[in-house]
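For reference, the structure is listed below as structure tokens.
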Amino acid sequence: SYSGKEVIFCGDGRCDSPGSSAKYCTYTLMESSTGRILDCQTVDKREVNLKSPNMEREGLKRSVSFLKESNVNIKEITTDASISVISFLGTSHPNILHSLDVWHKAKKLKKSLCELTKKKGMETLAKRIDKMYNHFWYCCETCDEKEELLKSKWISILHHIQDEHDWITGKCDHIDEN
């Protein structure tokens with residue numbers, strides 16, 4: 001039913017174990033508006049010169065080939081920030097729009113902030129992590145896919161946490177509760 005149609009996908013690989021010890025990776029491509037899985041590929045580490053990091057790229061490569069052979073026009077693929085996936089799509093399929101999944105970025109942000117709180121003098125940051133995480137999501141949801149607006153909104157948190165809600169180059173989006 002997708003033959004000849006432009007389709008937007010979300011893709012991700014899942015390995016049987018973390019890191020370089022993984023032996024298998026299952027790569028799944030899901031159609032973004034319905035959540036329907038259109039392809040799933042399993043890659044054995046032995047098929048990619050025993051290099052686990054290459055399994056995700058190989059799974060995506062096979063999925064893209066399968067869908068193209070099925071006459072599906074892939075308009076966009078959203079993935080995590082895997083360097084090998086970014087490279088593959090950029091070089092082999094420059095006509096496919098490649099977007100990075102915000103959920104993966106948000107998860108990495110929260111993990112990095114939690115790690116930061118373990119350092120001396122950073123303990124008070126712990127109680128702000130959820131608010132910073134939520135602010136990141138808010139920035140992503142309200143930036144209209146404009147990178148500069150996303151950066152501006154994200155950086156505004158530096159002013160906000162200092163109780164500065166109006167500054168030379170901008171102001172907070174929240175409504176004052178006076």
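The values are calculated or read from the model by the stated rules, or taken from the named source; none is laboratory data. A quick note: this is a predicted structure, and the numbers were derived from the prediction, not measured. Cβ coordinates were reconstructed from backbone atoms using ideal geometry, including for glycine residues, and neighbour counts include every protein chain displayed.
Among the listed residues Asp44, Asp39, Asp12, Asp16, identify the single one that is in the same structural domain as Lys75 (by TED's automatic domain parsing) and touching a residue at least 40 places away in the same chain (Cβ under 8 Å).
Working: Asp44 fails: touching a residue at least 40 places away in the same chain (Cβ under 8 Å); Asp39 fails: touching a residue at least 40 places away in the same chain (Cβ under 8 Å); Asp16 fails: touching a residue at least 40 places away in the same chain (Cβ under 8 Å).
The match here is Asp12.
Which condition breaks for Glu47 when tested against (1) crowded, with 17+ Cβ neighbours inside 10 Å; (2) more than 22 Å from Leu97 (Cα to Cα); (3) at pLDDT 95 or above?
Single failed check for Glu47: (1).
Just checking, how many residues over region 51-107 are of a type in the set (S, T, N, Q) and either more than 27 Å from Lys23 (Cβ to Cβ) or out of contact with any Asp or Glu (no Cβ under 7 Å at 6 or more places or on another chain) (or both)? Talk me through it step by step, then tell me what you get.
First, pick out the residues of region 51-107 that are of a type in the set (S, T, N, Q): 52, 54, 63, 65, 70-71, 73, 78-79, 82, 84, 87, 91-92, 95, 99.
Okay, now just the ones that are also either more than 27 Å from Lys23 (Cβ to Cβ) or out of contact with any Asp or Glu (no Cβ under 7 Å at 6 or more places or on another chain) (or both), so 52, 54, 65, 70-71, 73, 87, 91-92, 95, 99.
The number of residues fulfilling the criteria is 11.
Taking region 150-178, which residues are assigned to a loop (DSSP other than H, G, I, E, B) and either under 23 Å from Lys107 (Cβ atoms) or hydrophobic (A, V, I, L, M, F, W, C) (or both)? Spell out how you get there, then give the answer.
Filtering region 150-178 down to residues assigned to a loop (DSSP other than H, G, I, E, B) leaves 161-165, 168-169, 172-178.
If the condition is that a residue be assigned to a loop (DSSP other than H, G, I, E, B) and either under 23 Å from Lys107 (Cβ atoms) or hydrophobic (A, V, I, L, M, F, W, C) (or both), then Ile161, Ile168, Cys172, Ile175 are the ones that fit.
Give the residue that is surrounded by the most Cβ atoms within 10 Å (Cβ to Cβ), with candidates limited to residues of region 120-149 that are out of contact with any helix residue (DSSP H, G or I) (no Cβ under 8 Å at 6 or more places or on another chain) and outside any helix (DSSP H, G or I).
Out of the qualifying residues, it is Lys146.
Taking the stated definitions as given, is Lys108 among the basic types (Lys, Arg) and assigned to a helix (DSSP H, G or I)? If you could, list the steps in order and put the result at the bottom.
Working: among the basic types (Lys, Arg): yes; assigned to a helix (DSSP H, G or I): yes.
Here the answer is yes, as Lys108 does meet what is asked.
Going by the conditions given, is Cys25 of a type outside the set (Phe, Trp, Tyr) and buried (at least 18 other Cβ atoms within 10 Å of the Cβ)?
Details: of a type outside the set (Phe, Trp, Tyr): yes; buried (at least 18 other Cβ atoms within 10 Å of the Cβ): yes.
When the stated conditions are applied, Cys25 passes them.
If you go through region 150-164 one residue at a time, how many are at pLDDT below 90 and surrounded by fewer than 14 Cβ atoms within 10 Å (Cβ to Cβ)?
The qualifying residues number 6.
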